[in-house]
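This report refers to the structure that appears directly beneath it.
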Amino acid sequence: MTILSWPGPDALPPVRKWSASEPRQLYRNRRITVEEVQVSTGTGTPFPHQVIRFAADSVAAVVHSPGRGVLMLYRHRFITDRAGLALPAGGIESGEDPVDAAIREVFEETGCKVQDARLMGSADVLPGVADKVFWFTFGTAEASGDVPEPADAHESTALYWVPVSELFGLMTAGLISAQPSMLALLYAERAGLLRELRTEEAGHGRTQPGMGRRADRIRALAGTHNPIRPTRHCYNATDGHFACVDAEGEVYLGNPEIGDRRYSIGNILTAPWHDIWRSPRHLEVIALMDTLQQSAQCRLSACRHVRANIGAEQALSLIKPALPLDSFL
């Protein structure tokens with residue numbers, strides 16, 4: 001098959017459609033219906049395919065507070081067994097406008113009221129399996145201080161104003177992984193709404209001064225005009241003297257990895273330190289961080305050690321004879 005040059009949306013050929021038989025219902029409740037159909041592609045034998053049909057569309061809301069960032073929930077999803085940050089989101093009720101639904105969901109999940117809310121777009125989020133449609137909105141928080149206890153406080157562990165300059169590094173790190181949240185933030189970025197907020201943040205106080213500027217600087221350095229050169233090791237992970245412990249006792253080798261269990265080397269509440277440090281799991285995480293550093297994937301994160309790794313390798317190269325590189329320098 002020949003891959004053609006893009007002709008533009010007005011010159012596309014008639015699309016070849018697949019056809020499906022009458023559905024056989026497998027399961028149904030008030031939210032979803034699961035069906036099975038026989039699908040024909042026009043060639044070959046028809047095959048069975050399961051389809052999930054949703055009773056309602058959903059909405060995800062980008063809500064910002066001037067100088068503070070975007071409102072996000074820190075929560076655990078039991079289906080994927082993964083913790084992360086997500087935008088306020090939920091189902092649209094019968095007859096409800098997506099913008100009204102977004103305002104309602106934000107208040108129910110966070111206690112925050114939204115003003116100037118507007119629609120950005122929509123997307124089919126699982127078109128190969130389901131007919132789920134997500135709508136995306138953008139609005140401003142009425143107040144940036146304390147808010148009343150939300151009706152759905154059980155949906156999150158904590159609420160955060162996440163600086164805009166941190167958002168895409170958090171996506172790269174996997175801490176923002178829910179597709180609707182990622183799509184809504186990308187919509188807002190494409191519309192220029194988040195770029196405007198970066199300017200606002202620069203003139204306000206920050207809970208972590210310099211983090212946003214550093215992330216922006218690293219992202220700029222990751223461009224084709226000034227790429228960060230990969231090093232052989234993540235010396236932050238291998239130098240053997242640095243670790244971070246979160247409130248749940250999980251031990252991590254670097255600040256950006258905190259909260260991502262892929263980088264946890266153990267838990268001091270369930271195991272003694274001598275069983276954690278220099279353990280097989282410790283070495284496994286070092287290897288993972290080394291792999292990221294060697295492939296230059298760290299250049300998109302906010303890790304303060306990106307340039308330190310380069311400096312460490314340059315310093316070691318000046319030592320004659322060269323020191324052997326071991327897992328713990």
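Below 8 Å between Cα atoms, with a sequence gap of 6+, how large is the relative contact order for region 58-202 in percent? Let's see the in-between values first.
On the way: 280 pairs, mean separation 48.1, N = 145.
The normalised contact order for region 58-202 reaches 33 percent.
Under a plain spin-label model, where a point goes 7 Å from the Cα along Cα-to-Cβ, how far apart in nm are Glu96 and Leu26?
Rounded to a tenth, the inter-label distance reads 2.9 nm.
Find out how many positive minus negative residues lie around Glu93, taking Lys and Arg as positive, Asp and Glu as negative, among other residues whose Cβ is under 13 Å from that of Glu93. Could you put the intermediate results ahead of the total?
On the way: positive: Arg30, Arg31, Arg104; negative: Asp57, Glu96, Asp97, Asp100, Glu105, Glu108.
Combined, the nearby Lys, Arg, Asp and Glu give -3.
Rg to Rh ratio, region 4-116, alpha-carbon atoms and Kirkwood radius?
1.12
Taking K and R as +1 and D and E as -1, what net charge do the other residues with C-beta under 12 Å from the C-beta of Lys132 add up to?
For residues surrounding Lys132, the net value is -1.
State, to one decimal in nm², a quarter of the convex hull surface area for the C-alpha atoms of region 58-202, i.e. the direction-averaged projected area.
Average of the hull's projected areas for region 58-202 equals 8.6 nm².
Could you tell me whether region 75-122 comes out rounded, prolate or oblate from its Cα gyration tensor? Rule is a ≥ b ≥ c as square roots of the eigenvalues, rounded for a/c under 1.5, then prolate if a/b exceeds b/c, otherwise oblate.
Values: a/c = 2.13, a/b = 1.74, b/c = 1.22.
Cα axes put region 75-122 in the prolate bin.
No value in this document is a laboratory result; all are computed from the given coordinates. All values reported here derive from a predicted model rather than from experimental measurement. Ideal geometry is used to build each Cβ from the backbone, glycine not excepted, and the neighbour counts take in all protein chains shown.
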